[in-house]
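Visitor: Below is one structure. I have some questions about it.
The values are calculated or read from the model by the stated rules, or taken from the named source; none is laboratory data. Predicted, not measured: the structure shown is a model, and the values here were computed from it. Note: ideal-geometry Cβ built from the backbone for every residue, glycine included; neighbour counts use all protein chains shown. Heads up: the accessible areas ignore ligands, DNA and RNA and are worked out on the full protein's heavy atoms, side chains in. Shrake-Rupley method; radii C 1.70, N 1.55, O 1.52, S 1.80 Å.
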Amino acid sequence: MSGAALALEVVVVFFLALFLLHRYGDFRKQHRMVLFATLLAWFLCFLIVFILPLDVSTTIYNQCMDDNKVHLVLSNTFTQDNSSNSSTSPTRVTKTCYKPWSYIPDGILPVFWRVVYWTSQFLTWLLIPFMQSYARSGGFSISGKIKTALIENAIYYGTYLLIFCSLLIYVAVSPQWHLTWSGLRTIGITAANTWGLFLLVLLLGYGLVEIPRSCWRASCHGHLLAKTYFKAAKLMTEKADAEEILEDVMEDVKTVSETIKYNHPLRKCIDTILKKASCPLEYQEKLGRNMDDYEDFDDKGNPYPSKKSLVKLHKQVIYAVQRHNRTHVQWQILLDEAFHLEDVAKNETSPSRQFVHSFPSADAPGWINKYLYSPKAEWYWECVLRRWCYRVLAVLLCVFSVAVVWSECTFFSTQPVLSLFAVFIQLAERDYNYVYIEMACFITIFFLCYCVYSTVFRIRVFNYYYLAPHHQTDAYSLQFSGMLFCRLTPPLCLNFLGVIHMDSTISHQDRKQTAYTSIMGSMQVLSIIANGFYIYYPMLIVLLCIATYFSLGTRCLNLLGFQQFMGDNDLTSDLVDEGRELIRRGTAGCR
């Protein structure tokens, strides 16, 4: 049964990662290695989250078995020492250990965790940074892209090598350190986890407040509609900028194309820019009307662009086309969203309680829409039930967020136990209720991961990093997200184990380590990290939650000139009015 549970979770996690990659990536256009590296990174990170609860239940069972062995040895020793003075042997106090349904035999999990952990570290520190440069390169051949990627990553790899060598020399000359392979491995793991924990707390502090607040605001149709208008105004500006950038780039392509004629050695590079970069058809037709492919080039000393400049132009075309396509797709999706929200606002006061669409589908209604999700059922869901479901969910998430903040600030206390999640797990551990233990662990770590991962999906760094759904995410952003996941997941899992008091390095309890903790090595090699940073740094979540609640980040971005949606801002009101007018024009165009 344990093998079936493990195999089932592996299959579920794989299809979950594949679904997300299909939603954000483009299987038809993006490089296979880019898709494979991103899929593997997401799969391994999600797999850790799903398998860790099984590790906890298995460890609790093994702890019970070890306690019985100790009691048995002590009882036998006591009997032998007192056999001459007592006619009866003392009663041996043992506990009945029930094997969990998902028990994983000894030796499997340590190997499994080593493979998963070191593969994810190889991805995040070596392969994905190289593939990012490879995918972003404008080279016209595989060797050219590899060369560009190696040059761009030389400083990246050299920096880490310099840091590693410096730490190695420091450990070698320090008398209190003993230079062993296990110690060096632990130092490397600790350094990577410390960097990940630093970023983890920032993302978690934002998600713990923003996710419940987003659910609550999703119940307010007026707020959603105003925010949609605001997005429309900003997206239209971005769409116009993308079209302008693409026109400028294609003008450069036209100039180069007219310069480099048929039979020129660099002509194939121009063809690659036009075809492989997937230029819009209208731009290809313009270029085709302004060139004579049958005119041979004459080598008379005319200035021709270099291959290096064509590589740079190729890179610009790829970026401009991708941004142009993304803004157009997002605009159509935003129009549909705005039309739907306007329909909800109109139907809320409908006396017939039948949901009427402004733009009904031309297709015949299916069986579900005809019998289960009829116009009356749709009205009750969209106008009545949906808002209350969001509000109940928001309250539950808010309670969960408060529990997480409290536990993050008190998990170092073992006498008394103040961490709420540790209390829940210990209560279930007394009765060996493994189903409850695994469900509690899964829900807790799933909520933590959702707060962190959803923030990774939400943040946008200009057009440098942006995860856009509907197959509009570029290769660089996909791989950057995979790299972040691989760096955030190990410290997140260690933090979770510390919160439920399953990490003896932090809780200082004499108990059996989980298989996941055992591969990390003893954090006491760096006592200042184990006894200081790992315990007290998560308390900053309180300050980050307060800053997020009062929208300090949003207000700072507004002051810097980056317009953000704020209800009490004049500029926001102007953009909402502008967006409403744009949607009205879009409605007229659809009709």
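Visitor: At least 1 residues that are touching a Ser or Thr at 6+ places or on another chain (Cβ under 6 Å) and closer than 30 Å to residue 312 by Cβ in each: list the helices (runs of 4 or more DSSP H) lying fully within the range 104-211 that qualify.
Guide: Working: elements: 108-122, 128-136, 142-173.
The qualifying helices (runs of 4 or more DSSP H) are 142-173.
Visitor: Just for helices (runs of 4 or more DSSP H) wholly inside the range 342-452: which have at least 2 residues that are among the small types (Gly, Ala, Ser)?
Guide: Numbers: elements: 375-380, 386-410, 420-431.
In the range 342-452, 386-410, 420-431 are the helices (runs of 4 or more DSSP H) which contain 2 or more residues that are among the small types (Gly, Ala, Ser).
Visitor: Of all residues in the range 21-71 being over 25 Å from residue 504 (Cβ atoms) and of a type in the set (S, T, N, Q), which is least open to solvent (accessible area, probe 1.4 Å)?
Guide: By that ranking, first place goes to 38.
Visitor: Could you please find all residues in the range 110-152 being over 20 Å from the mean Cα position of the chain (by Cα), polar (S, T, N, Q) and buried (at least 19 other Cβ atoms within 10 Å of the Cβ)?
Guide: 133, 137, listed by residue number.
Visitor: Based on this model, can you work out whether residue 205 counts as under 24 Å from the mean Cα position of the chain (by Cα) and either modelled with pLDDT of 95 or more or over 30 Å from residue 382 (Cα atoms) (or both)?
Guide: Working: under 24 Å from the mean Cα position of the chain (by Cα): yes; either modelled with pLDDT of 95 or more or over 30 Å from residue 382 (Cα atoms) (or both): yes.
Yes; evaluated as a whole, the condition is true for this residue.
Visitor: Taking the conditions exactly as written (open to solvent by 70 Å² or more (accessible area, probe 1.4 Å) and touching a residue at least 12 places away in the same chain (Cβ under 8 Å)), does residue 470 satisfy them or not?
Guide: Details: open to solvent by 70 Å² or more (accessible area, probe 1.4 Å): yes; touching a residue at least 12 places away in the same chain (Cβ under 8 Å): yes.
So residue 470 passes the test.
Visitor: Another one. Among the residues that make up the range 247-262, is at least one of them closer than 12 Å to residue 320 by Cα, modelled with pLDDT of 80 or more and surrounded by fewer than 16 Cβ atoms within 10 Å (Cβ to Cβ)?
Guide: yes
Visitor: Looking only at residues in the range 552-572 that are outside any helix (DSSP H, G or I) and within 22 Å of residue 202 (Cβ to Cβ), which one is most open to solvent (accessible area, probe 1.4 Å)?
Guide: Step one: filter the range 552-572 for residues outside any helix (DSSP H, G or I), giving 560-569.
Cutting the leftovers down to within 22 Å of residue 202 (Cβ to Cβ) gives us 560, 562, 564-566.
Values: 560: 129, 562: 85, 564: 56, 565: 49, 566: 21 Å².
Across the range 552-572, the extreme among qualifying residues is 560.
Visitor: Still on this model: Restricting to the range 452-503, and then to whatever is of a type in the set (Val, Ile, Thr) and within 13 Å of the chain's Cα centre (by Cα), can you tell me which residue is nearest to residue 53 (Cα to Cα)?
Guide: In the first step, residues of the range 452-503 are kept if they are of a type in the set (Val, Ile, Thr); the result is 452, 455-456, 459, 461, 473, 489, 499-500.
Subset that is within 13 Å of the chain's Cα centre (by Cα): 452, 455-456, 459, 489.
On the way: 452: 18, 455: 23, 456: 23, 459: 29, 489: 14 Å.
For the range 452-503, the residue satisfying everything is 489.
Visitor: Please pick out the residue among 445, 437 that is open to solvent by less than 60 Å² (accessible area, probe 1.4 Å), modelled with pLDDT of 90 or more and more than 23 Å from the chain's Cα centre (by Cα). Quick ask: steps written out before the conclusion?
Guide: On the way: 445 fails: more than 23 Å from the chain's Cα centre (by Cα).
The unique qualifying residue is 437.
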